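For reference, the structure discussed in these notes is given below.
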Amino acid sequence: MAITIRVGDKANRKLVTLEMDVRKSLNGDLMIFDHGDIDIVLSSSKNKVIAFPKEQISDYVYGAQNRLFAFLRKRGVVVAESIRAGSFYGSFEAKLEAPLNEDISAAKMALVNINEFISEERPYFEAMDVFVAETESDYVDPDAEHSTELGEVPQSSDKGSMRYVRDTAAHYLYTFE
């Protein structure tokens, strides 16, 4: 979905179009689903950015959250000392910086910077998707070099090379024949 916003003060407004997977919640928060590991919520009413794990919490999720908030901190979008764990398990949040000029919207600047962050991370996720698809196809449909033909396996009561003693009290014993 394309989002068109005007960024800047009244004298120097610039029209910016962002291509992002964004939905608006019932309370007006913007939910951004473009990142591969995290979902990002931009709450202009609460003046904060929240990053939630997508499906499962792992080191990749924590790394993505850390990179997001480091990126926003370096750009001056969030208050550095406000970055902390959120009330939802595995989430992180930070307050947006208050702009000196009241004509500039902190939420719009955060949205532009979040879009830049996701654009920088996109090649990593595309490479990971290709890697996972290739690995999955290797397991599901291996080539002739990496596969064997088992053929018909005849049925019998005893299979394998280790004989199991069925009629003893200690089932961990082996017989030597």
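Just so it is clear, none of the values below were taken in a lab; they were calculated from the coordinates. This is a predicted model, so every value here is computed, not measured. Virtual Cβ from ideal backbone geometry, glycine too; neighbours counted across all protein chains shown.
Inverting the mean 1/r over all pairs of different Cα atoms, compute the Kirkwood radius of the range 38-98 and quote it in Å.
Kirkwood hydrodynamic radius for the range 38-98: 11.4 Å.
Please report the net charge: other residues with Cβ closer than 13 Å to the Cβ of Asp39, K and R +1, D and E -1.
Local net charge: -4.
Which entries of Lys46/Lys95; Lys14/Lys74; Lys46/Lys108 show an alpha-carbon separation above 19 angstrom in the structure shown?
Check vs 19 Å cut-off fails for Lys14/Lys74.
What's the extension gain from Glu134 to Gln56 if we count 0.36 nm per residue and subtract their Cα-Cα distance?
Value of the extension gain: 25.8 nm.
What area, in nm² and to one decimal, does the C-alpha convex hull of the range 43-158 cast on average over all directions?
That works out to 12.8 nm².
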